[in-house]
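Taking it in order: structure first as C-alpha cells, then the write-up.
Only the coordinates and a few stated rules stand behind these numbers; no lab work does. None of the values given here were measured: they were computed from a predicted structure. Here the Cβ is made from the backbone with ideal geometry for all residues, glycine too, and neighbour counts use every protein chain on show.
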C-alpha cells in the first residue's frame with residue numbers, strides 16, 4: 001500500500017477509481033514558504049518542487065510516498081494560487097475570463113526519504129468570456145468549494161461551463177498526472193502489470 005501525501009478529495013478519488021490501494025496522509029509543507037524560496041523559478045519547476053516537498057514530508061520508511069501539486073500559469077506569466085475567499089475567487093475568474101492559462105500538475109514519489117521519480121504534465125485551457133452575472137451565479141451555486149481549487153473552478157462539476165477549449169489530460173486538470181503515475185507504480189510492482 002502506498003502513501004498519498006495529500007488530503008485532496010480529487011486526488012484520492014482518482015487513485016481509488018483506478019484501483020490503487022493507498023493511505024492518505026496530510027503533508028507537512030508550508031506551500032507559501034516554498035513559493036517564496038523559489039520566487040522566479042519556472043512554473044513547471046515550482047510544481048515539481050512542491051510535489052517533491054510533499055512526498056518527502058510524510059515519513060514512509062520503505063513504503064512509497066506520492067506527493068502532488070499544481071500551479072496555474074496565466075498567459076501573461078502570472079501565477080495564481082487557491083483563492084482565500086469568494087471575493088478573491090470572483091477576481092480570479094474575471095482575470096481568467098476570455099484568456100488562456102496552463103495548469104502544471106506534478107507528482108513525485110519518495111522511498112526511504114529519497115525522491116525516486118517525478119513527472120509534470122501541463123494542460124492548456126481557454127476560458128470563454130464570462131459576464132459578471134454568470135460569475136456571480138456560478139459562485140453562488142458552487143459556494144466555498146471553489147476555494148479548494150486553484151483558479152476557482154472544479155472542471156468535474158459546473159466549472160466545465162467556464163471553458164471554450166481544453167488541450168491535455170483530464171487527470172492533470174484534477175490535480176495529478178495519473179497515467180504516468182500508474183505506469184511508474186506498475187514499474188515499481190506497487191500495482192499489477
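Projected area of the range 1-69, taken from the Cα convex hull and averaged over every viewing direction, in nm²? Let's see the in-between values first.
Working: hull surface 19.0 nm².
With every direction weighted equally, the projected area is 4.8 nm².
Would you mind calculating the gained length between residue 132 and residue 170 on full extension (0.36 nm times residue separation, minus the Cα-Cα distance), in nm to one decimal?
Numbers: separation 38, 0.36 × 38 = 13.68 nm, distance 2.69 nm.
That pair, residue 132 and residue 170, stretches by 11.0 nm at full extension.
Which log10 I(q)/I(0) values does the chain give at q = 0.10, 0.11, 0.19 Å⁻¹ under the Debye formula, counting every alpha carbon as one identical point scatterer?
The Debye formula, applied to the Cα set alone, gives -0.40, -0.49, -1.30.
Could you calculate the contour length gain from residue 37 to residue 193, that is, 0.36 nm times the residue separation minus the distance between their Cα atoms, to one decimal place in nm? If you can, show how the numbers build up before the last one.
Working: separation 156, 0.36 × 156 = 56.16 nm, distance 3.94 nm.
Result: 52.2 nm gained on full extension.
For the range 118-193, what does the convex hull of the Cα positions come to per residue, in cubic angstrom?
Details: hull volume 8.0 nm³, N = 76.
Each residue corresponds to 106 Å³ of Cα convex hull volume.
Just grab the label-to-label distance for residue 145 and residue 44, each label 7 Å out from Cα along the Cβ direction, in nm (one decimal).
3.3 nm
Mind checking Rg over Rh on the range 72-184, alpha carbons, Kirkwood formula for Rh? Walk me through the numbers on the way to the answer.
Working: Rg = 15.1 Å, Rh = 14.8 Å.
Using only Cα positions, Rg/Rh for the range 72-184 is 1.02.
Per residue, how big is the convex hull of the range 4-118 when only Cα atoms are used? Give it in Å³.
Numbers: hull volume 13.7 nm³, N = 115.
Residue-normalised Cα hull volume stands at 119 Å³.
Taking neighbour Cβ counts within 10 Å as the exposure measure, how do 138, 153 sort from fewest upward?
138, 153
In what sequence, highest mean first, do 171-182, 5-16, 22-33, 113-124 appear when ranked by Cβ atoms within 10 angstrom?
Ranked by mean Cβ neighbours within 10 Å, highest first: 171-182, 5-16, 113-124, 22-33.
Work out how much length residue 158 to residue 13 would gain on full extension: take 0.36 nm times their residue separation and subtract the Cα-Cα distance, in nm to one decimal. The partial results should precede the final answer.
Values: separation 145, 0.36 × 145 = 52.20 nm, distance 1.79 nm.
Between residue 158 and residue 13, full extension yields an extra 50.4 nm.
Taking other Cβ within 10 Å of each residue's Cβ, how do 48, 156, 190 sort, fewest first? Don't skip to the answer; put the middle values down first.
Working: 48 22, 156 13, 190 19.
So the ranking, lowest neighbour count to highest, is 156, 190, 48.
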